2 protein chains.
Amino acid sequence: MEKQMVGELNPTPRILMGPGPSNVHYRVLRAMSTPLVGHLDPEFLSFMDETCNMLRDLFQTKNRLTIPVSGTGSAGMETAFVNFIEPGDTVIIGVNGLFGERMSDVADRCGAKVIRVEEEWGRIIEPERMTQAIKRNPEAKICAIVHAETSTGAQQPLEEIGSFCKPREILFLVDTVTSLAGCEVKVDDWGIDICYSGTQKCLSVPPGLSPITISQKGMDVSHLRKKKVQSWYLDLTMIERYWNEERFYHHTAPISMLYGLREGLRIVFEEGLGARFQRHQALGDQLKMELEKLGYRLFAQEGYRLPMLNSVYLPKGVEDLSVRKRLLNEYNIEVGGGLGQVKGKIWRVGLMGETCRIQNIECLIGALKEILA
Amino acid sequence: MEKQMVGELNPTPRILMGPGPSNVHYRVLRAMSTPLVGHLDPEFLSFMDETCNMLRDLFQTKNRLTIPVSGTGSAGMETAFVNFIEPGDTVIIGVNGLFGERMSDVADRCGAKVIRVEEEWGRIIEPERMTQAIKRNPEAKICAIVHAETSTGAQQPLEEIGSFCKPREILFLVDTVTSLAGCEVKVDDWGIDICYSGTQKCLSVPPGLSPITISQKGMDVSHLRKKKVQSWYLDLTMIERYWNEERFYHHTAPISMLYGLREGLRIVFEEGLGARFQRHQALGDQLKMELEKLGYRLFAQEGYRLPMLNSVYLPKGVEDLSVRKRLLNEYNIEVGGGLGQVKGKIWRVGLMGETCRIQNIECLIGALKEILA
């Protein structure tokens with residue numbers, strides 16, 4: 001067999017202003033290069049507990065089951081559905097972007113009867129439309145919605161829907177992949193039962209883990225299932241026995257990724273949640289203003305625009321791919337294009353976690369001024 | 001909210017002689033601390049291609065679909081079943097240890113009719129028993145078996161079963177989590193259609209990815225499915241569109257883990273497969289001999305003992321937990337205990353990848369002599 005001649009890993013340093021991954025703090029990278037201990041080593045079990053405690057503070061919850069799932073945000077989404085749905089269950093899903101679509105697909109594969117509450121991409125779903133759908137379908141088991149639609153930049157109001165679900169049997173499921181650690185996510189106050197996120201957005205940890213938290217109401221539903229969860233890998237009734245005091249082996253934890261997450265969470269709490277949210281809001285506002293000055297129009301609905309993911313229509317005459325290619329090749333800046341029905345029409349400019357720094361805004365705006373001149 | 005006071009990450013350096021994770025080469029750790037590029041960055045796409053090419057050489061296959069799944073080995077196992085089974089399909093599974101049991105559980109959750117070919121733990125399954133089961137169940141879609149049973153240390157012969165499956169419609173599925181990169185795994189020559197592994201064993205990359213390879217015969221079956229794959233996250237018909245020239249976004253790739261895998265594979269091919277297998281065999285033989293001198297009896301069937309995972313009965317009077325605790329606390333050596341029905345009865349001593357070095361054998365044997373004196 002021919003010997004491989006693959007060279008040293010030598011990527012160009014980039015400013016990651018796309019929809020994720022965001023730039024990673026050097027302390028997180030350093031933590032990931034720490035030699036491994038075993039996944040049942042008492043030292044590792046302490047790291048696990050510390051990580052879960054910090055995740056609880058980040059989700060603003062007291063939920064016992066608050067853990068990182070061993071996969072990316074989409075694995076978190078699948079975990080959020082697969083543990084609670086049994087074939088024939090009704091699920092109400094808000095669909096106003098790609099990730100609402102993905103939720104429908106995932107729920108459908110679990111055998112759910114999916115009721116879609118649709119809205120134009122870029123707009124939020126009026127909370128009353130969700131609560132009315134619940135009233136019309138009182139048998140529904142889950143009401144699911146995306147907090148921060150990464151495909152559109154819209155920020156969904158959650159509190160009204162949560163208060164409506166709380167006294168009822170229905171579980172409130174929320175995707176916070178892009179919002180967590182960049183703006184308020186109050187799992188307990190908002191009555192969220194199932195909430196998942198990703199590490200590669202405002203947490204500024206590499207992609208590979210999906211923090212998730214489940215309320216007692218949610219766990220009760222999963223423990224009363226008639227059929228086994230269709231995914232062995234994502235079965236929380238087994239996974240919780242590894243993360244709780246039983247320490248029962250399920251699958252080998254992704255140790256280095258967990259080292260990285262623990263360090264990323266430490267950095268979040270050194271800054272403080274309030275200061276971190278404020279930084280994202282202020283710099284998000286500034287970026288939007290600067291982009292508008294250059295002729296970019298904001299895409300997402302006014303009053304409901306995410307601070308960490310800024311979606312903008314391209315100005316007339318600005319060609320999507322060639323300008324993004326110049327940004328990448330000449331300035332080492334990555335910005336995201338549109339997905340699905342807005343492909344070629346919008347850009348998605350991320351200001352997440354470590355990427356959310358004034359110098360990155362200056363750099364992007366300066367580069368665009370040169371390119372568009 | 002109270003501020004977290006979690007200290008710096010500061011684990012004790014360990015010699016990882018359990019059933020995985022194994023010790024990781026410093027070059028792999030260094031690669032994992034490399035700053036990230038985006039998952040659609042042209043530079044990253046090159047890294048992906050290089051990684052897949054090396055994985056093909058490692059699996060000794062020309063299979064186009066040869067990629068790392070974004071989860072640990074158990075996610076690879078689930079991928080291997082969920083893409084090919086539709087409810088009601090018959091699957092024949094060899095069960096002679098925990099991972100054969102796990103395969104049965106996974107297949108059952110896919111709605112398969114599972115036919116178990118059972119054998120005592122520690123023994124191999126005679127190939128004729130598998131081929132006879134296929135003859136008796138000609139409708140069976142998959143014949144599945146574990147190459148290296150991590151729970152018992154037995155090495156399953158595969159060639160006869162593979163030759164039997166090759167001219168038939170049935171797919172031959174093999175778990176090589178513990179064997180890949182430590183002994184021969186000849187996917188094409190042995191007629192394997194579906195083969196998965198993990199990174200944290202003989203590859204000596206941290207846990208978190210599962211290399212998998214699928215034959216054209218296998219992909220044809222998955223493309224002819226009537227129903228969607230029940231797992232969105234592990235649906236190869238979508239994942240392959242990201243890894244092939246389409247580069248269609250599915251989920252955000254675990255970039256840092258992939259950096260680590262690429263470097264781990266480079267190290268494998270610098271050493272050469274032949275030399276690497278020889279090192280595992282020679283040191284595995286030496287460890288077994290040294291352990292026998294200390295009164296440990298070998299657990300797995302003679303003639304079919306894995307080089308990289310050495311299962312031994314405890315000598316009389318040696319208490320499992322207290323001795324392993326002393327090894328860990330006084331000598332920083334981790335060895336594995338027994339799982340399931342052999343819990344408390346055997347140890348599993350790993351010599352995988354970077355752990356498979358003469359100095360680690362000396363260290364373990366020296367420590368045991370002191371403890372057992």
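The values are calculated or read from the model by the stated rules, or taken from the named source; none is laboratory data. Quick caveat, the model's predicted, so the values are computed rather than measured. Heads up, the Cβs are rebuilt from the backbone with ideal geometry, glycines too, and the neighbour counts pull from every protein chain shown.
Just a yes or no: is a residue in region A:202-222 basic (Lys, Arg) and not in a helix (DSSP H, G or I)? The answer is no; no qualifying residue exists.
The condition (being among the β-branched types (Val, Ile, Thr), surrounded by 23 or more Cβ atoms within 10 Å (Cβ to Cβ) and under 25 Å from B:Gly18 (Cβ atoms)) is satisfied by just one residue among A:Val37, A:Val28, A:Val24: A:Val37.
Based on what the data block shows, is B:Met32 closer than 25 Å to A:Gly260 by Cα and at pLDDT 95 or above? Spelling it out, B:Met32 is indeed closer than 25 Å to A:Gly260 by Cα and at pLDDT 95 or above. Of the candidates B:Glu240, B:Glu245, B:Glu159, the single residue that is among the charged types (D, E, K, R) and closer than 30 Å to B:Gly340 by Cα is B:Glu159.
Please state which one of B:Val91, B:Val95, B:Val69 is crowded, with 21+ Cβ neighbours inside 10 Å and within 21 Å of B:Ser210 (Cα to Cα). Even if it seems obvious, please write down each step before you answer.
Values: B:Val91 fails: within 21 Å of B:Ser210 (Cα to Cα); B:Val95 fails: within 21 Å of B:Ser210 (Cα to Cα).
The match here is B:Val69.
In region B:259-270, how many residues are at the interface with chain A (Cβ under 7 Å from one of its Cβ atoms) and more than 17 Å from A:Leu29 (Cβ to Cβ)?
2
Being touching a Leu at 6+ places or on another chain (Cβ under 9 Å) and either among the hydroxyl-bearing types (Ser, Thr, Tyr) or more than 30 Å from B:Asn53 (Cβ to Cβ) (or both) is a property that does not hold for B:Leu283.
Every listed requirement among (1) of a type in the set (S, T, N, Q); (2) surrounded by fewer than 20 Cβ atoms within 10 Å (Cβ to Cβ); (3) within 14 Å of chain B (Cβ to nearest Cβ) is met by A:Ser256 save one, (2).
Selection of region A:175-230 for residues being closer than 25 Å to A:Asp89 by Cβ and among the small types (Gly, Ala, Ser) yields A:Gly191, A:Ser197, A:Ser210, A:Ser215, A:Gly218, A:Ser222. Restricting region A:179-197 to residues that are assigned to a strand (DSSP E or B) and under 20 Å from A:Cys165 (Cα atoms), the residue that is nearest to the other protein chains (Cβ to nearest Cβ) is A:Tyr196.
Being buried (at least 20 other Cβ atoms within 10 Å of the Cβ), of a type in the set (Val, Ile, Thr) and not in a helix (DSSP H, G or I) is a condition met by at least one residue of region A:308-319.
Condition test on A:Gln286, is it within 20 Å of the chain's Cα centre (by Cα), of a type in the set (S, T, N, Q), surrounded by fewer than 22 Cβ atoms within 10 Å (Cβ to Cβ) and not in a loop (DSSP other than H, G, I, E, B)? Answer is no for this residue.
Just one of (1) crowded, with 24+ Cβ neighbours inside 10 Å; (2) touching a helix residue (DSSP H, G or I) at 6+ places or on another chain (Cβ under 7 Å) fails for B:Pro157. It is (1). Taking only region B:280-304 into account, find how many residues are closer than 21 Å to B:Ser22 by Cα and of a type in the set (Lys, Arg). Residues flagged as closer than 21 Å to B:Ser22 by Cα and of a type in the set (Lys, Arg) within region B:280-304 amount to 1.
Applying the set (1) away from chain A (no Cβ under 13 Å); (2) out of contact with any strand residue (DSSP E or B) (no Cβ under 9 Å at 6 or more places or on another chain); (3) within 27 Å of B:Glu126 (Cβ to Cβ) to B:Gly340 leaves exactly one unmet item: (1). Being hydrophobic (A, V, I, L, M, F, W, C) and in contact with a Gly (Cβ under 6 Å, 6 or more places away or on another chain) is a description that applies to A:Ile346. With respect to the conditions (1) assigned to a loop (DSSP other than H, G, I, E, B); (2) under 21 Å from A:Asp105 (Cα atoms); (3) within 16 Å of the chain's Cα centre (by Cα), A:Glu139 lacks only one, and its number is (3). If only residues of region B:234-253 that are charged (D, E, K, R) and either within 25 Å of B:Phe172 (Cα to Cα) or buried (at least 24 other Cβ atoms within 10 Å of the Cβ) (or both) are counted, the one that is nearest to the other protein chains (Cβ to nearest Cβ) is B:Asp235. Residue count for region B:339-373, restricted to those that are surrounded by fewer than 23 Cβ atoms within 10 Å (Cβ to Cβ), out of contact with any Asp or Glu (no Cβ under 6 Å at 6 or more places or on another chain) and not in a helix (DSSP H, G or I): 5. Just wondering, is there one or more residues in region A:143-153 that are in a loop (DSSP other than H, G, I, E, B), of a type in the set (Gly, Ala, Ser) and touching a Leu at 6+ places or on another chain (Cβ under 8 Å)? The answer is yes; a qualifying residue exists.
No other residue among A:Glu270, A:Glu302, A:Glu246 is assigned to a helix (DSSP H, G or I) and more than 19 Å from the chain's Cα centre (by Cα) apart from A:Glu270.
Out of the residues in region A:198-233 that are of a type in the set (Gly, Ala, Ser) and closer than 17 Å to B:Trp232 by Cβ, state the one that is farthest from the other protein chains (Cβ to nearest Cβ).
Residues of region A:198-233 that are of a type in the set (Gly, Ala, Ser), as a first pass: A:198, A:204, A:208, A:210, A:215, A:218, A:222, A:231.
Filter once more, keeping what is closer than 17 Å to B:Trp232 by Cβ: A:198, A:210, A:231.
Values: A:Gly198: 7, A:Ser210: 10, A:Ser231: 6 Å.
Per the criteria, the residue is A:Ser210.
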